[in-house]
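The values are calculated or read from the model by the stated rules, or taken from the named source; none is laboratory data. What you see is a predicted model; the values in this text were computed from it and never measured. Every residue, glycine among them, receives a Cβ derived from its backbone with ideal geometry; neighbour counts consider all protein chains shown. The area values use the complete protein model at the heavy-atom level, side chains included, leaving out ligands, DNA and RNA. Shrake-Rupley method; radii C 1.70, N 1.55, O 1.52, S 1.80 Å.
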Amino acid sequence: MPKTIRYTLLSLRDLAVSAGPFIVLAVTLLVLAYWWLDPNPPKRVVLATGPAQSAYEEFGKRYAHLLAKDGIDVVLLPSEGSAANLQLLREGKADLGFVRGGTSEAGVAGDDKLESLGSLFLEPVWLFYREEAARKVAPAASADSGGSTLSSLTQLPGLRVNVGTPGSGVPNLMTKLLESNHIDASTLKLSQLEQTPATVAFLAGDLDALVFASAPESLMVQMLLQTPGIKLMDFAQSEAYSRRFAFLSPAVLPRGVVDLASDIPPQDVHLVAPTTTLVTRTSTHPALLQLFALAGNEIHGSAGWFKRAREYPNVRNNELPIAKEAERSIQTGPPLLQRYLPFWVANFVERMWLVMGIIIAVLLPLSRIVPPLYEFRVRSRIFKWYGQLRNIENRAEDGKDTSPLLEELNQLESRAEKISVPLSYTDELYALRNNIQLVRQKLQRQ
């Protein structure tokens, strides 16, 4: 091996040994910080959605598609709806789920471990009724009225009304609305069929009215709005409902928004709309909350039947505390680094930079001891021979035979010639050799 390379490797070895404790300490602190902060999220998350062909199912697929780009596998868990999703979250069987406003009840155990990722969209209460059934309770006032219409829940007694399954959350919501109108539920012929069987029975004439809450993207909503003989109830008191219930907002289905050519609906329809939120457990990884909130900005930020562009998601009308990560993402969008770097890299830096700064601040003063340690280690290879050289010189002053001392000095010189040090310390080595020669000359004069 060429001497230059050997000296370089020797210098690097000495530097590595001198800085070894410092490096071990730095790595240990980084490992502990990584374990404590857990910056990278799990790659699998469970999202509770809703029944087949529902808006929840459709939105769940969109979230899964967007998060798959960042390497997150979103497992969609079908359910009966909002109330079922809330229960799945309480039991820890889902990490996130769509929950409609008004679904939760006060004082339920486990709700303190839940938080919201913001309001995503309005989910109007669609009360469809058969026009022939409306004639029984609200005869048409005139030929110009276009047939009998319903505009108040007080007109429902005596009708066969399906309010959805308990897991959908709609029965709880309808109970609150009926009670606010002083309506005894026993005066209605209520049923709680699932959405698809209920729609089949409704179209067959076995039900007079059908109630469910869903975003307008629901295929069932789109179909019923365009079915002849089926009408959508106008909540004439929608503003009053929103004042009575914090989770409700007034909404207007504009004339012709469903089909401009066919003028569907033929007039503005007033509705009441709970706000749907994405609810999560407080134990869910913060980076996942950030990803879902950012995906929500993309999925729900466009204009729609009941919203303007970029009106949703927002942090209003939430019954649960807002997660800080979600609030930050909704208001400011993606962090700076995520705009230019892959998610996993940007997320790691964002969540570790503060701790890394603290570690650097602690280690920087300690790093000053590395150069002195390195110098001491290299020079000690030379200086340790000075003790033996001094001993030979002291023994020479006793006036005894110097022949054994010269032999011992020759051995010392032979070992000194084999010492290897970095080139920057060769002056110390040559100084040792010169001092050996000085002692030899002294011995030879005696």
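Average accessible surface for the stretch 249-328: 45 Å² per residue, computed with a 1.4 Å probe over protein heavy atoms with every protein chain in place.
Would you calculate, for the chain, the mean residue ellipticity at 222 nm contributed by helices, counting each DSSP H stretch of 4 or more residues as -39,500 (n - 2.57) and dividing by all residues, to the nearest 500? Please report the intermediate quantities before stating the final value.
Numbers: 14 runs with 209 residues, N = 446.
The per-residue figure over the chain is -15500 deg cm²/dmol.
Remark: spin-label model distance Gln226-Arg390 equals 10.2 nm, labels positioned 7 Å along the Cα→Cβ axis. Taking θ as phi - 60° and the Karplus parameters 6.51, -1.76 and 1.60, the scalar couplings of the stretch 320-325 work out to 10, x, 8, 5, 4, 4 Hz in sequence order, x denoting glycine and proline. Computed over the stretch 295-446, the Cα gyration tensor eigenvalues convert (square root of 5λ each) into semi-axes of 79, 14, 9 Å, ordered from largest to smallest.
At a Cα cut-off below 23 Å, give the lysines reachable from Lys136, other chains included and same-chain residues fewer than 8 away excluded. Answer for Lys136, where 23 Å is the Cα cut-off: Lys189, Lys231, listed by chain and number.
How would you classify the stretch 257-357 from its alpha-carbon gyration tensor, with a ≥ b ≥ c the square roots of the eigenvalues: rounded for a/c under 1.5, else prolate if a/b is greater than b/c, otherwise oblate? Note, shape of the stretch 257-357 comes out prolate.
In a shell of Cβ-Cβ distance under 9 Å around Glu413, excluding Glu413 itself, what net charge do Lys and Arg (+1) and Asp and Glu (-1) give?
Around Glu413, the surrounding residues sum to +2.
The Cα-based radius of gyration and maximum Cα-Cα distance (Dmax) for the stretch 207-323 are 16.6, 50 Å. Local charge for Gly71 was computed over the other residues whose Cβ lies under 12 Å away, with Lys and Arg +1 and Asp and Glu -1, and equals +1. Of all the options Glu58, Glu239, Glu179, the one that moves most in a Gaussian network model of the chain with Cα springs shorter than 10 angstrom is Glu179. With a cut-off of 9 Å between beta carbons, the residues surrounding Thr280 carry a summed charge of -1, where Lys and Arg count +1 and Asp and Glu -1.
Taking 0.36 nm per residue of separation and subtracting the Cα-Cα distance, full extension of the segment from Gln53 to Asp268 would add 74.8 nm. If R0 is 45 Å, the Cβ-Cβ spacing of Asn435 and Ile358 corresponds to a FRET efficiency of close to 0.40.
By the rule of a C-alpha distance below 21 Å, with chain neighbours fewer than 8 residues away ignored, the lysines paired with Lys61 are Lys43, Lys69, Lys93.
How much length is gained if the chain between Asn40 and Thr175 is pulled fully straight, taking 0.36 nm per residue apart and subtracting their Cα-Cα distance, in nm to one decimal? Intermediate results must be reported in sequence, preceding the final value.
Values: separation 135, 0.36 × 135 = 48.60 nm, distance 4.36 nm.
Residue separation times 0.36 nm, minus the Cα-Cα distance, leaves 44.2 nm.
Using the Cβ-Cβ distance between Val75 and Ser380 with R0 set to 56 Å, the FRET efficiency from 1/(1 + (r/R0)^6) comes to roughly 0.35.
At a Förster radius of 45 Å, what calculated FRET efficiency corresponds to the Cβ-Cβ distance of Lys61 and Thr28, to the nearest 0.05?
Working: r = 44 Å, r/R0 = 0.98.
Computed FRET efficiency for Lys61 and Thr28 comes out at 0.50.
What do you get for Rg/Rh of the chain when both radii come from the Cα atoms and Rh is the Kirkwood radius?
When Rh is taken as the Kirkwood radius, the ratio is 1.42.
Under 27 Å of direct C-alpha separation, and excluding same-chain neighbours fewer than eight residues apart, Lys418 reaches these lysines: Lys3, Lys384, Lys442.
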